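The values are calculated or read from the model by the stated rules, or taken from the named source; none is laboratory data. Please read all numbers here as calculations on a predicted model, not as lab measurements. FYI the Cβ positions are ideal-geometry reconstructions off the backbone, even for glycines, and counts take in every protein chain you see.
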Amino acid sequence: MPAEKHSVTIRPEISLGKISPMIYGHFIEHLGRCVYEGIWVGEKSKIPNTRGIRKDTVAALKAIGAPVLRWPGGCFADDYHWTDGIGPASKRPVQFNRWGPSEDDNQFGTHEFIDFCRQVGAEPYICANVGTGSPSEAAYWVEYCNHAGATAAAELRAKNGSKEPFAVKYWGVGNENWGCGGHMEPEEYAAEYRRFAGFMHSRDPKIELVAGGHTAPDWNWRFLKNMGRLHLIHHLSIHVYFPGCGNDADFTTTDYYNMVLRSTEIEREIALAREAVEVFVRGAKPVGIIVDEWGTWHPQARDDNGLQQKNTMRDAIVAAGCLDVFNKYACCVTMTNIAQTINVLQCMAQTAQDKLWLTPTYHVYDLYKGHMGAESVHVDIDTTMVEARAGDGMKKELPVLSASASLNAAKKTLLLTVTNRHLDEAVEVDINIQGDFKVKGATIHTLAARDIREYNDAEAPDRIKPAHPRKLAPDELPHLLAAKSVTAIEYQLA
Ligand code: AHR
């Protein structure tokens, strides 16, 4: 029996801004089995593929409308020289890869990445090499991808198979340059950024550049202060991982609540990055906040196993809460890319030879996909609290319910996503839609598990999957939400 009364009040008249579809983006890196095996198997593989790219991976990402893919890293990006990955496949050099597997034969390069994006229907987002690269190498990459004329770069692209420019809009200027991307001080990165960004942008003024920010105190402030004008920063990115609380699929109740509480701290990181940007932009053009790496990172994901971990229902609950936060910050969060799509960290799917199975987190993306491009609206949540320990060890309160809502462009449907994070108690939720909106009916999708430690694998690929959608009449409200479950309710409006 439900123990407490909870309520969710949706206020469609209070708009929080349009939810950029890019908020539901992904990240792929030449690391572990993400690109090689998870995406690229080569044309000669027995695994069904289109021009070397796994068909099952493409189908899975297409089905959730994956809007953007960030590549080639991650840390790998700052040690990657893109010209190694173009031209005849047999002539491409084998490159050392510190992030493993230790040798990369460059079979998956720029053309293969663009092909993958097009098969999925996603925008490409390329991260240029600042750590070991040069401004001319990065600018040449922009020109190679985007120039439509007859320069040597454009002709080389045509010779390599694509007369059509790739029109890559999003470009990262390095990755974690405070860490694996060169261990720079913010002032050093600002100096590098000005050089790289200026030359990259000169090749195609339509591109949007992403500066690599940080969550360490005052890093973004020092970087932005040293940038002077911010005209070449279109977005500032941060990375937010949630490190181990217990093991990936073996953790206590306390570990569970601590992990979920820690994941809610992503809201504070976004707010801090936004604050820094607003101070230095000084009312000029807006600079978006991108979280281009985020997710759970359990102790089982280590360098020597290619950062692989089991993905349980706990990971799904974490993802749902973060997506609610991104929806809430629709005004300023312009993109996010959960790490990393296939086989690595909090991925969407895992593979073993020709088998592919979806993770619980994938199903959350499926439940939430209706938010993409819709208008985020204000939600008041009245719920109970569970005590847990935050990242700094302090005791804090975790709200049992997390929720967000959006109105589609035609104002014909309202999507509410709501998670009951309580491990043992179902909750009865009184859901109210304020204002001049009449509900004709609703469809409800639920993702739940018997045990929070459950995950999908090759033997049981559908152990966790959404229940069949149910149609509800308006008088069937309020709803009973099962313990540890994620629910999406799509209201049809009159
Ligand atoms: O996603 C794994 C690694 O985490 C990335 O390569 C790096 O950017 C981050 O530290």
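Odds and ends about this structure:
Quick grid of which residues meet (1) within 16 Å of the ligand (Cβ to nearest atom); (2) under 15 Å from the mean Cα position of the chain (by Cα); (3) assigned to a loop (DSSP other than H, G, I, E, B); (4) farther than 13 Å from residue 113 by Cβ:
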{"residue": "44", "(1), (2), (3), (4)": "no, no, yes, yes"}
{"residue": "56", "(1), (2), (3), (4)": "no, no, no, yes"}
{"residue": "60", "(1), (2), (3), (4)": "no, no, no, yes"}
{"residue": "65", "(1), (2), (3), (4)": "no, yes, yes, yes"}
{"residue": "73", "(1), (2), (3), (4)": "yes, yes, yes, no"}
{"residue": "84", "(1), (2), (3), (4)": "no, no, no, yes"}
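- Filtered residues of the stretch 134-160 (kept if within 28 Å of the chain's Cα centre (by Cα) and polar (S, T, N, Q)): 134, 146
- Considering the conditions (1) in contact with a Pro (Cβ under 8 Å, 6 or more places away or on another chain); (2) part of a strand (DSSP E or B), residue 290 is excluded by exactly one of them, (1).
- Positions within the stretch 326-341 being over 20 Å from residue 170 (Cβ atoms) and surrounded by fewer than 24 Cβ atoms within 10 Å (Cβ to Cβ), in sequence order: 328
- Condition met for residue 126 (in the same structural domain as residue 294 (by TED's automatic domain parsing), within 16 Å of the ligand (Cβ to nearest atom) and crowded, with 19+ Cβ neighbours inside 10 Å): yes
- Contact map, the stretch 178-207: residues that are of a type in the set (Val, Ile, Thr) paired with residues that are at pLDDT 95 or above, Cβ distance under 8 Å, separation 6+ or inter-chain. Pairs shown: 207/142; 207/146; 207/168; 207/169; 207/170; 207/171; 207/200; 207/201.
- Flag if residue 272 is crowded, with 23+ Cβ neighbours inside 10 Å and either in the same structural domain as residue 97 (by TED's automatic domain parsing) or within 16 Å of the ligand (Cβ to nearest atom) (or both): no
- Hits in the stretch 286-302 (condition: surrounded by fewer than 20 Cβ atoms within 10 Å (Cβ to Cβ) and more than 10 Å from the ligand (Cβ to nearest atom)): 286, 299, 300, 302
- Selection of first residues in the stretch 282-308 that are assigned by TED's automatic domain parsing to the domain that holds residue 38 and of second residues that are among the basic types (Lys, Arg) and not in a loop (DSSP other than H, G, I, E, B), restricted to Cβ pairs under 6 Å at least 6 apart or on distinct chains, gives the following pairs, ordered by first then second residue: 289/274; 292/70.
- Screening the stretch 324-386 for strands (runs of 3 or more DSSP E) wholly inside it with 2 or more residues that are within 16 Å of the ligand (Cβ to nearest atom), at pLDDT 95 or above and within 14 Å of the chain's Cα centre (by Cα) returns the ranges 333-339.
- Annotation for the stretch 382-401: no member residue is touching a Gly at 6+ places or on another chain (Cβ under 6 Å) and outside the structural domain of residue 306 (by TED's automatic domain parsing).
- Hits in the stretch 161-192 (condition: within 30 Å of residue 89 (Cβ to Cβ), among the aliphatic types (A, V, I, L, M) and either over 22 Å from the mean Cα position of the chain (by Cα) or within 16 Å of the ligand (Cβ to nearest atom) (or both)): 173
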